[in-house]
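Q: Sending over a structure as structure tokens; questions will come in a sec.
The values are calculated or read from the model by the stated rules, or taken from the named source; none is laboratory data. Only a predicted model underlies this, so the values are computations on that prediction, with no experimental measurement involved. In this analysis, Cβ positions are derived from the backbone assuming ideal geometry, glycine residues included, and neighbour counts consider all displayed protein chains.
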Amino acid sequence: MKRYCLIRRNDRQGAFYSHDLTTGKRKSLGTKDREEAERLINAKNDALKQPHFNLQLAKVYLSGADEKLIKRTWAEVFDSRIEMSHGVSRARWVTAKKDKAFAPILEKRLIETTADDLLQVLKVNKVSTTIHLRKIHNLALDMDWLPRGIIPKRRWPAVVYQEKRAITLEEHNKILAGEQNPEWKAFYRLLWHVGGSQSDIACLNAEDVNWEEKIIIIAPGYTWDRCAVSNPPQAVSSSLLPTILCIEAL
């Protein structure tokens, strides 16, 4: 018994619909041509009878357009994204590929991937995992390596970032209390009083400190703008750094 049948609204010029005899649901076939609609209905019914055969048949058609299309894996999509990236972005993608959450799909072929496969990756519920998975999914779509989206655009989970805040003085003091290396302890104190990022302060040079004017010049890595911090500490290795009075643009 066939599950889907063809119906049309009262208007003879209207589009054809598929009617699911099991659930009673109707879905537009997106065509007003009867012959085309009948072919679509037959395809839907055949897909239920012999899904494995239909997958093999689809592979035959796809291989005619691109031989790699039926063999391409998610690992290859990652590699392509890495090749397109440079510098810091490239390093991030190399790290992303090593994420354990992607291990189950890396060697899986794109055309054999189901929504359940990707949803399993998303269960990790990490912001970085969700972002990278969606980006490689969209890359595969843009490059026509996927015939259609595996997860519809509206069904992707919203990215929710955790609340960001600065550490408290109490937390800062706990870090200092647990650090035995005097150089690291001095570095943490400098971070606390200057308010710079770890990479910015780690790249701070002696030439960036004007002891006479009591100014520290910092070039934030994300903007490359230069700013000045007044009243800096008299020595980086001092046991207690004075409070920064102000930050002003040069």
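Residue by residue, here is whether (1) out of contact with any helix residue (DSSP H, G or I) (no Cβ under 6 Å at 6 or more places or on another chain); (2) surrounded by 11 or more Cβ atoms within 10 Å (Cβ to Cβ) holds:
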residue: 92; (1), (2): yes, yes
residue: 97; (1), (2): no, yes
residue: 112; (1), (2): yes, yes
residue: 119; (1), (2): yes, yes
residue: 124; (1), (2): no, yes
residue: 142; (1), (2): yes, no
residue: 153; (1), (2): yes, no
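A quick yes/no check of all residues on (1) at pLDDT 85 or above; (2) within 21 Å of the chain's Cα centre (by Cα):
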residue	(1), (2)
33	yes, no
55	no, no
66	no, no
88	yes, yes
102	yes, yes
111	no, yes
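Q: Then there's this: Scan segment 137-159 for residues that are among the small types (Gly, Ala, Ser) and not in a loop (DSSP other than H, G, I, E, B) and jot them down.
A: Once the filter is applied, which keeps residues that are among the small types (Gly, Ala, Ser) and not in a loop (DSSP other than H, G, I, E, B), segment 137-159 yields only 140.
Q: Using the structure shown, decide if residue 123 is without any contact (Cβ under 8 Å) to a residue 60 or more places away in the chain and under 18 Å from residue 78 (Cα atoms).
A: No, not satisfied.
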